[in-house]
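The values are calculated or read from the model by the stated rules, or taken from the named source; none is laboratory data. Model, not experiment: these values are computed from the prediction. Glycine gets a Cβ as well: all are built from the backbone with ideal geometry, and neighbour counts include every protein chain shown. Side chains are part of the model used for accessible areas, which takes the heavy atoms of the whole protein and leaves out ligands, DNA and RNA. Shrake-Rupley method; radii C 1.70, N 1.55, O 1.52, S 1.80 Å.
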Amino acid sequence: MAITPKTFKLGKDWLTAGIALRIIEGSTDLTISQKTRDKVITSWGIVQNIVDKGHPVYGINTGFGPLCTTRISQSETNILQTNILQSHSVGVGKPVSKAVAKLMLVLKAHSLAKGYSGIAEATLNRILWHIENDAIPVVPSQGSVGASGDLAPLSHLFLPLIGLGKVRYQNKTISAEELFRIAGLEALELGPKEGLALINGTQFIAAHAVKVVSKLHSVLSQADIIGAIMIEGLQASVKPFYNELHALRPYKGNVHVAKRVKRLLKGSEIMEDHIDCERVQDPYSIRCIPQVHGASRNAWLHLKELLEVELNSVTDNPVIIDEELTISGGNFHGQPLAMALDYACLAASEIGNISDRRIYLALEGNSPGVPKLLMEDTGINSGYMILQYTTAALASENKGLCFPSSADSIPTSLGQEDHVSMGSIGGRKALQVIENVQKILAIELLTAAQAFEFRKPMKSGIFLDEIHKEIRKKVAFADKDRVFSDDIEAGIKLIKKETIIKVINRVGAKEGISLKTKYSKEFETY
């Protein structure tokens, strides 16, 4: 993650996934400049003029969706905005995490602050109050089709503005009514277009994409490191990681992965020990790490780049350009992120798939010095055999989850919204796959560490030796069967806490050694 600012100016500064995460963690404060506030006020004023003049403009003085030809009287425009929040709050399912809901608030505030949505300054201030006071609305996870914005989840997100819905506040889930009593707040009266500005947008999809960018980056980084440990454990060849090879097919991801892994293996006695061995080549799960991990890196980069555009865009409808021009368009359509999230989902799944293959390879007993099933006394002991059953099950589950959500579209709104993105489903699904991959990598970490043990007393390079020591603080070498689910849980914790990445950073800083490549700025910052 890149260095993030202490203060972020809503509506002005360039938002990234990393900065968004820092904001919800409280590491970066939000502010709005007076110039930005003036733009918001000007846009709001244009909407009031439209209402006063009576010219028909979608969502301001007309109904919504298939009711777009129904004129709304000036006296009823405010009622319309309150009604839309209530009628569109139809989400179901388990609520999204507090972090995702808070991200949605931040992303929507940034979009509204650009001054093209006709929102009132007081409404924007109330959204900021929720962020700053950590009063986060409860948002159901299901119900968005990812076009005309994430209507249902965003409606739930903003129900508390009008005194409805529920919030997570001070470690409790309470009603908005109770929140108002505690905090001394009153319900807002939404003006023309405000309800539509709040619920039109891609913030549900984008918030999930922020989490995907972060979690998939962690998975990709750890997969390279764990792959390197497995290379050591199985005494595979380092030649497939030579730059001379990848210069002939210079995909950024491939080059980046190859150099990182080769650097991790530098100075290894284990590698030197079999430099003149008779094996010609290794199976693909080892030999093609740069190509497979690299392809997933490229998919991650694609999502990161598209997400940054989305995070800094105006995605509601209609858009207030100026006094003379208001456009009812389709900036709310989630397709740009929907397709990229499906691509990232596949990229994550493939990391789990090739990891499972390496685990299987480690169990075969075909590497000299490493016993079958990673245990010397088998027969009475099953060794690590059944751990691979779990990774096979997880890898298979992921394959089922990889059907692209964006390939589907079901018309809604009586045919007015006749093509939708389903990006909301793709975002949730991608996070499911990544969570499964974390578990697969945890098991590969255990099996690689077990294989690595059989190479002692030979030493690896400084990075991998230190990582192995760190693993052994939590999971002991197994010389006989035990309840391996305990080991797996410990491994999952190591993955989720990014322990091995922290070891790499600590050792690199101490020794003045870096895993940086010429593409690190693209692949290691977000």
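Odds and ends about this structure:
- Listed here are the strands (runs of 3 or more DSSP E) enclosed by the range 1-105 that have at least 3 residues being closer than 30 Å to Lys166 by Cβ: 29-31, 92-95.
- Of all the listed residues (Leu105, Leu85), the sole one being open to solvent by less than 10 Å² (accessible area, probe 1.4 Å), touching a residue at least 24 places away in the same chain (Cβ under 8 Å) and under 25 Å from Glu308 (Cα atoms) is Leu105.
- Selection status of Lys521, free of Cβ contacts under 8 Å to residues at least 40 places away in the same chain, open to solvent by 10 Å² or more (accessible area, probe 1.4 Å) and either assigned to a helix (DSSP H, G or I) or among the hydroxyl-bearing types (Ser, Thr, Tyr) (or both): yes
For every residue, the table says whether it meets (1) touching a helix residue (DSSP H, G or I) at 6+ places or on another chain (Cβ under 6 Å); (2) under 26 Å from Ala509 (Cα atoms).
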{"site": "Glu444", "(1), (2)": "yes, no"}
{"site": "Ala449", "(1), (2)": "yes, yes"}
{"site": "Phe454", "(1), (2)": "no, no"}
{"site": "Lys459", "(1), (2)": "yes, yes"}
{"site": "Lys480", "(1), (2)": "no, no"}
{"site": "Ser485", "(1), (2)": "no, no"}
{"site": "Lys493", "(1), (2)": "no, yes"}
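- Single unsatisfied condition, Asp342 versus (1) in a loop (DSSP other than H, G, I, E, B); (2) of a type in the set (D, E, K, R); (3) within 32 Å of the chain's Cα centre (by Cα): (1)
- The residue of the range 480-492 that is farthest from the chain's Cα centre (by Cα), among those that are surrounded by fewer than 13 Cβ atoms within 10 Å (Cβ to Cβ) and closer than 18 Å to Glu453 by Cα, is Lys480.
- Taken as a whole, the structure leaves Leu374 outside the set of residues that are crowded, with 21+ Cβ neighbours inside 10 Å and over 20 Å from Ala236 (Cα atoms).
- Residue list for the range 6-30, filter: touching a strand residue (DSSP E or B) at 6+ places or on another chain (Cβ under 6 Å) and loosely packed, with under 14 Cβ neighbours inside 10 Å: Thr7, Asp29
- Scope the range 493-518; condition outside any loop (DSSP other than H, G, I, E, B), open to solvent by 20 Å² or more (accessible area, probe 1.4 Å) and either under 24 Å from Ala209 (Cα atoms) or not small (Gly, Ala, Ser) (or both); matching residues: Lys493, Lys496, Thr499, Ile501, Lys502, Asn505, Arg506, Lys510, Glu511
- Scan of the range 441-464 for residues that are over 19 Å from Phe477 (Cα atoms) and either buried (at least 24 other Cβ atoms within 10 Å of the Cβ) or touching a Phe, Trp or Tyr at 6+ places or on another chain (Cβ under 6 Å) (or both), ordered by number: Phe463
- Complete set of residues in the range 234-282 that are of a type outside the set (A, V, I, L, M), outside any loop (DSSP other than H, G, I, E, B), under 23 Å from Leu374 (Cα atoms) and open to solvent by less than 60 Å² (accessible area, probe 1.4 Å): none
- A Cβ distance below 6 Å, combined with a sequence gap of six or more or placement on separate chains, defines the contacts here; from the range 452-467, residues that are without any contact (Cβ under 8 Å) to a residue 24 or more places away in the chain reach residues that are among the basic types (Lys, Arg) and part of a loop (DSSP other than H, G, I, E, B) in the pairs Asp465/Lys459.
- Any chance Asn61 is farther than 16 Å from Leu198 by Cβ, open to solvent by 50 Å² or more (accessible area, probe 1.4 Å), in contact (Cβ under 8 Å) with a residue 24 or more places away in the chain and more than 35 Å from the chain's Cα centre (by Cα): no
- When restricted to residues that are small (Gly, Ala, Ser) and either buried (at least 23 other Cβ atoms within 10 Å of the Cβ) or touching a strand residue (DSSP E or B) at 6+ places or on another chain (Cβ under 7 Å) (or both), the range 287-315 contains 2.
- Looking only at residues in the range 135-157 that are farther than 13 Å from Pro95 by Cβ and in contact with a strand residue (DSSP E or B) (Cβ under 7 Å, 6 or more places away or on another chain), the one that is surrounded by the fewest Cβ atoms within 10 Å (Cβ to Cβ) is Ala135.
- Test: Gly383 is at pLDDT 95 or above and assigned to a helix (DSSP H, G or I): no
- Test: residue in the range 131-144 that is closer than 20 Å to Leu10 by Cα, part of a helix (DSSP H, G or I) and in contact (Cβ under 8 Å) with a residue 60 or more places away in the chain: yes
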